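Asks: First, the structure itself, so that you have it in front of you.
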Amino acid sequence: MELSGGMHAVCVTYEAGAIQFEEFPKTKEPAWILGVGYNTVSDRQELQNDISSRLWFTYRKNFTPIGGTGPMSDQGWGCMLRCGQMMLGQALVCRHLGRDWRWNPAAYDNDYTKILQLFLDKKDSCYSIHQIAQMGVSEGKSVGQWFGPNTVAQVLKKLALFEDWSSLAIHVAMDNTVIIDDIKKLCRSARQPTSSQVTNSFLCNGVSSEQQTTARSRSPLPWQPLMLIIPLRLGLSELNPVYVDCLKACFTLRQTLGMIGGKPNHAHYFIGYVGNSLVYLDPHTTQPAVELEGNVPIPDSSFHCSHPSRMNIQDLDPSIALGFFCQDEADFADLCDSLKRLIIGQKTHNAMFELVQSRPAHWPPYVLPTRPDGTKTDFTSLDYDQEGDRQYDSDEEFEIL
């Protein structure tokens, strides 16, 4: 199938063969995309518009070297990092534009442009491949190593502390347990950056000093918008079938951000399902890095994909991470009610995770995450003297998380 519009020119390299896009089957049951159900017969155009409005982050090449002398492309190792970007990008779209926002390539949207700026492949964009890869060092990953779902979640949690425009609180639930009191403590804590931290934010946010001043002048939010990430392992070497219905139900919740995971060797960003097929955006296309000269609009066609891929849910690797976004406290309360009713239910032996009010007594006290004070960020700067110094993880790590 020939790609439409500008997509044909940028999809130049794809891992493991040619790109194959399948049309959605016309079925009696709906297709669910990030909490919205579509009739696959009568809503096909709306379905495609929704999918093409999601941010699509793929491998890029010819960007500035990571750490100054490191990789200039993330092809072959950056797929999970790109999937983390896509899930976080969806959270920021919900935060600033709303779930019903649709991409219009002919119209300029300031907030949408600011979101894209945060992900451009350069060191001063807060959520760039440069910052994610280098922050991964704090999680025991050298630049160029393959990430698992939990690793990328932990890295995004740290990077979000440096981005004040969104004031996004990222909570990563551990040990298959979501603790309500911990999340409330996190989201009710007002972010109060020091003067040196304000400087750090300006350096990594990818937005102008005027925009930063406007963001800092706002009153502290009574509830920081929440991105909840739940890393899970739903089987040993393959997905346990008892979790299939619960997993599919997650895509019907209005707070869902989808799921990151995939197959061994390949990470994907899953945005919905139809029947027993998961719908996903695939980062394994290598595109040239977007370079901006001067104050010009971002050429954004390569950040959107009109043709998603599908895979049978039983082919899913059991190591995944679910994502949810809650704009305010009422939204979080509604999510908790929905999780209890649809995902956890009465069959506790089939529950994918636990939802509890307070921290277990034998756990250490919850500590609010803070970013370091000082004149420099804690972003790691690495140098590579020789090509052999780069370390590339085996993708098999994805199976043993």
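The values are calculated or read from the model by the stated rules, or taken from the named source; none is laboratory data. Small disclaimer: the values here were computed from a predicted structure and weren't measured. Here the Cβ positions follow ideal geometry from the backbone for every residue, glycine too, while neighbour counts run over all protein chains shown. Surface areas here come from the heavy atoms of the whole protein model, side chains and all, with no ligands, DNA or RNA. Shrake-Rupley method; radii C 1.70, N 1.55, O 1.52, S 1.80 Å.
Asks: Lysines within cross-link reach of Lys26: Cα-Cα under 25 Å, excluding same-chain residues under 8 positions apart?
Replies: The reachable lysines, counting only those whose Cα sits under 25 Å from Lys26, are Lys248.
Asks: Tell me which residues come under 5 Å, amide H to amide H, from Leu257 once H is placed; ignore anything under 5 positions away on its chain.
Replies: Gly323, Phe324, Phe325
Asks: Then there is this: Which order do peptides 238-247, 79-88, 114-123 fall in by mean Cβ count within 10 Å, highest first?
Replies: The peptides rank, most packed first, as 79-88, 114-123, 238-247.
Asks: Students often check this: by mean Cβ neighbours within 10 Å, which of 60-68, 29-37 ranks highest, and how do the rest follow?
Replies: Highest-to-lowest ranking by the protection proxy: 29-37, 60-68.
Asks: With respect to the cross-link table entries Lys122/Lys340; Lys141/Lys263; Lys28/Lys263, which display a Cα-Cα separation exceeding 32 Å?
Replies: Pairs exceeding 32 Å: Lys122/Lys340.
Asks: Indicate the gyration tensor shape class of segment 82-185 (rounded, prolate or oblate), computed on the Cα atoms with a ≥ b ≥ c the square roots of the eigenvalues: a/c under 1.5 is rounded; otherwise a/b larger than b/c is prolate and the rest oblate.
Replies: oblate
Asks: Show the residues, 5+ positions off or on another chain, whose built amide H is closer than 5 Å to the amide H of Thr177.
Replies: Amide H neighbours of Thr177, under 5 Å, 5+ apart: Glu354.
Asks: Apply the Karplus parameterisation 6.51 cos²θ - 1.76 cosθ + 1.60, with θ equal to phi minus 60°, to every residue of segment 298-309 and state each ³J(HN,Hα) to the nearest whole Hz, in sequence, with x for glycine and proline.
Replies: Calculated HN-Hα couplings, in order: 6, x, 9, 4, 7, 9, 9, 10, 7, 10, x, 10 Hz.
Asks: Sorted by accessible area (1.4 Å probe), largest first, how do Ser52, Ser138 line up?
Replies: The ordering from most to least exposed comes out as Ser138, Ser52.
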